[in-house]
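Okay, handing you the structure first.
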Amino acid sequence: MGERWTGPTARLVLASSSPRRRALFSSLGLEFDVEVPDVSEEMWMLADDDPGLMVTALAGRKAREVAGRVSEGLVIGADTVVVLDGQVLGKPEDEGDARLMLQSLSGRTHAVVTGVCVHDVQSGAGAEEACETAVRMTSFGEKTIEAYLATGEHWGKAGSYAIQGRGALLTAGIDGSHSNVVGFPVEILEPLFDRLGYSIWNFVL
């Protein structure tokens, strides 16, 4: 559609409770509000067997739920999972669950898949997309796993690690979007906004 942006237009709303997503948006210089969606993240287990469709469907549910509570703007929903050998790993339920996840990831390559939905409150239109990044993990043993769990960094993280923190010590490299592994693939924002007739630059301070 070309460059049409001239300055701030609609309100930008991040439908997420994730501090990592808020930090990513802030690092881009975006002006945005945060509204936490009232949607169970366990709903992904009831979705399609395709991880990309699962997370995109849940991202859409989050965005539309928040859109129903605000009067204007663009609402962005997202959901991230880790996929290893076709098995979807969400956030750990307890420390034992986190330990099992880390044991399974050691020395292996897995995928981090994030679904993103941008919903235009005024028009009701939406744009959705999934992003996948391959992550190679180092081979680590029980002592390393216990040391990492002791940091508490695994809580609330898909796959039980955070690449933007101490979890970087567990990773050997990635193929794809780094911000996707953090929790939100910022690279796909502009294409999604463009499909709705906006530019992400409308919201950059």
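Please tell me if ARG99 is modelled with pLDDT of 95 or more, within 15 Å of VAL13 (Cα to Cα) and outside any loop (DSSP other than H, G, I, E, B). Spell out how you get there, then give the answer.
Values: modelled with pLDDT of 95 or more: yes; within 15 Å of VAL13 (Cα to Cα): no; outside any loop (DSSP other than H, G, I, E, B): yes.
No, not satisfied.
Condition check: in a loop (DSSP other than H, G, I, E, B), surrounded by fewer than 20 Cβ atoms within 10 Å (Cβ to Cβ) and modelled with pLDDT of 95 or more. Does GLY107 satisfy that?
Considered against the rule, which asks whether it is in a loop (DSSP other than H, G, I, E, B), surrounded by fewer than 20 Cβ atoms within 10 Å (Cβ to Cβ) and modelled with pLDDT of 95 or more, GLY107 comes out as yes.
Suppose we filter VAL116, VAL186, VAL182 for residues that are within 25 Å of ASP94 (Cβ to Cβ) and touching a helix residue (DSSP H, G or I) at 6+ places or on another chain (Cβ under 9 Å); which single one remains? Walk me through how you get there before you give the answer.
Values: VAL116 fails: within 25 Å of ASP94 (Cβ to Cβ); VAL186 fails: within 25 Å of ASP94 (Cβ to Cβ).
On inspection, the qualifying residue turns out to be VAL182.
Of the residues LEU205, LEU192, which is within 30 Å of VAL70 (Cβ to Cβ) and modelled with pLDDT under 95? Before the answer, list the steps.
On the way: LEU192 fails: modelled with pLDDT under 95.
Matching residue, one of LEU205, LEU192: LEU205.
Let me ask another. Taking VAL182 and the conditions (1) in contact (Cβ under 8 Å) with a residue 60 or more places away in the chain; (2) over 20 Å from VAL55 (Cα atoms); (3) of a type in the set (Val, Ile, Thr), which numbered condition does it fall short on, given that it satisfies the others?
(2)
The values are calculated or read from the model by the stated rules, or taken from the named source; none is laboratory data. In this text, all values refer to a predicted model and were calculated from it rather than measured experimentally. Heads up, the Cβs are rebuilt from the backbone with ideal geometry, glycines too, and the neighbour counts pull from every protein chain shown.
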